[in-house]
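Comments concern the structure below.
Since every read-out is calculated from the coordinates, none of them should be taken as a lab result. Computed from a predicted model, the values in this text were never measured in an experiment. When we count neighbours, we look across all protein chains shown, and the Cβ atoms used for this are built from the backbone with ideal geometry, even at glycine.
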Amino acid sequence: MSRTLARLRAATGDPLLVRAGRGLVPTPHAAALRDRVRNLASETRAVLGPAGRKLDFATLNRTFTIRANDGFVEALAARLIVAVASQAPKVRLHFAPKPDKDVRPLREGLIDLEVGVMGESAPEVRVQTLFRDRFVGVVHKGHSLLASGQITAKRYASCDHVVVSRRGHPTGPVDDALHAVGLGRTVVAVVSSFSAALAAERRRASTARS
């Protein structure tokens, strides 16, 4: 390893790795080369791999990591598992949490597929639109908002709200839209998933009635 590193240092004219405490950290030049080298290695494997090799889904044995939010997992994971099992019975799906929009785990091969709104992309990342999401409001049975009459922005804003935000933000696009018409809403709780929001609202409604 030391000889290989010495040859790389001689070829690039950069130390590449330097001491930091008891370990080694990449230099800025090494960090800049990292993504380019990864892409080059991937292209090299593709060029030098066997020609005409056909993937056999029936014998494929590996785990694919999919990063997605709770809403996707709850709504579509079961159907995806059934579909994969019918074509590739030895394949396992690992659904990893999606705490942010960072594309780095995808670029570094830590995950195989990311589902959701992405942040900054990269040339080697392939993106395809699967569906368009939308906001959904949920109230418990018998809520005053369901009384006779049209659900207007004013009536909606007058209610207490449980907001879903993985980052813990109490405001978002809905609040921007309300502010544009001179309205604001009261957020009583912020939770990280839709299932948690539904559970909180059910418990709150049950407590209020008891």
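Mind ranking 60-70, 26-36 by how tightly packed they are, going by the mean number of other C-beta atoms within 10 angstrom, highest first?
Highest-to-lowest ranking by the protection proxy: 60-70, 26-36.
With a sphere of radius 14 Å drawn around the Cβ of ALA31, what net charge do the other residues whose Cβ falls strictly inside it have (Lys, Arg +1; Asp, Glu -1)?
+2
Given the -39500 (n - 2.57) contribution per DSSP H run of 4+ residues, what per-residue ellipticity at 222 nm results for the chain, rounded to the nearest 500 deg cm²/dmol?
Mean residue ellipticity at 222 nm (helix-derived): -12000 deg cm²/dmol.
I want the antiparallel fraction of DSSP beta bridges within the chain, as a percent rounded to 5.
25
Skipping prolines and chain starts, which residues have an amide H placed within reach, meaning under 5 Å, of the one on LEU17, given they are 5 or more residues away or on another chain?
THR27
How many percent of Cα pairs in region 1-93 exceed 23 Å?
57
Could you give me the ³J(HN,Hα) list for region 180-192, computed from phi with Karplus coefficients 6.51, -1.76, 1.60 and θ = phi - 60°, whole Hz, x at Gly and Pro?
Along region 180-192, the couplings run 5, 10, x, 10, x, 10, 9, 9, 9, 7, 10, 10, 9 Hz.
Mind jotting down the three principal axis lengths of the chain based on Cα atoms? Whole angstrom, largest first.
77, 46, 33
So for each of 124-136, 101-113 I average, over its residues, the number of other beta carbons within 10 Å; can you give me the resulting order with the highest mean first?
101-113, 124-136
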